[in-house]
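Contents: one structure, followed by commentary.
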Amino acid sequence: MNELNGYDFEDLEVGMCATFSKTITEADIVLFAGASGDNNAIHINEEFAKTTLFGGRIAHGFLTASTISAAIANRLPGPGTIYLSQSMTFLGAVRPGDTVHAEVKVRELIAVRHRVILRTTCRVSDTIVVEGEATVKATSSARRAALAA
């Protein structure tokens, strides 16, 4: 592990898994709209949202997906990890008050440049709402040792 308790590349194994859970609040949605500039009425206007196929407001897809980033940054590989890419498919809506459970699972380790391929999933209860794959660069104890030498 690195000094921030993140997993170094050398600590990782295919199949390792971690989760991060967060209840999406009204404040999260409003603050995300402000920070991102995404003020789509489906997220912030209940009267309009009631007329859509969702029958009410839903959280931003990227707000939901941000729980994947939290799982990567805080759990696996953890602090020091650099996000390189993310593919994802949105499969279901998340509503204010829903708890999102993000899971990241090591699918592949690429020693060159310490790349890690992660399967990424977000669930609300037993329903998958986002699935995809991330590529990240993990910290490396070998690289730190070489730089210190």
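Annotations for the structure displayed:
- Screening Phe62 against (1) in contact with a helix residue (DSSP H, G or I) (Cβ under 8 Å, 6 or more places away or on another chain); (2) in a strand (DSSP E or B) leaves a single unmet condition, (2).
- Of Ala138, Ala134, all but one fail to be under 17 Å from Asp11 (Cβ atoms) and of a type in the set (Gly, Ala, Ser); the exception is Ala138.
- The residue pairs whose first member lies in region 19-30 and is in a strand (DSSP E or B), whose second member is of a type in the set (S, T, N, Q), and whose beta carbons are closer than 8 Å, counting only pairs six or more residues apart or on different chains, are Phe20/Thr67; Phe20/Asn74; Ser21/Thr67; Ser21/Thr99; Lys22/Thr67; Lys22/Thr99; Thr23/Thr99.
- Filtered residues of region 124-149 (kept if open to solvent by 70 Å² or more (accessible area, probe 1.4 Å) and closer than 16 Å to Thr19 by Cβ): Ser125, Asp126, Thr127, Glu131
- The single condition among (1) crowded, with 16+ Cβ neighbours inside 10 Å; (2) more than 18 Å from the chain's Cα centre (by Cα); (3) of a type in the set (Gly, Ala, Ser) that Gly80 does not satisfy is (2).
- Single match in Ala49, Ala111 (criterion: open to solvent by 30 Å² or more (accessible area, probe 1.4 Å) and over 18 Å from Thr19 (Cβ atoms)): Ala111
- Residue, surrounded by the most Cβ atoms within 10 Å (Cβ to Cβ), within region 2-30, restricted to residues that are among the polar types (S, T, N, Q) and modelled with pLDDT under 95: Asn2
- Only listed residue being more than 18 Å from the chain's Cα centre (by Cα), hydrophobic (A, V, I, L, M, F, W, C) and over 28 Å from Ala145 (Cβ atoms), chosen from Ile42, Ile68, Ile29, Ile24: Ile42
The values are calculated or read from the model by the stated rules, or taken from the named source; none is laboratory data. All values reported here derive from a predicted model rather than from experimental measurement. No Cβ is skipped: glycine too gets one built from the backbone with ideal geometry, and neighbour counts run over all protein chains shown. Surface areas here come from the heavy atoms of the whole protein model, side chains and all, with no ligands, DNA or RNA. Shrake-Rupley method; radii C 1.70, N 1.55, O 1.52, S 1.80 Å.
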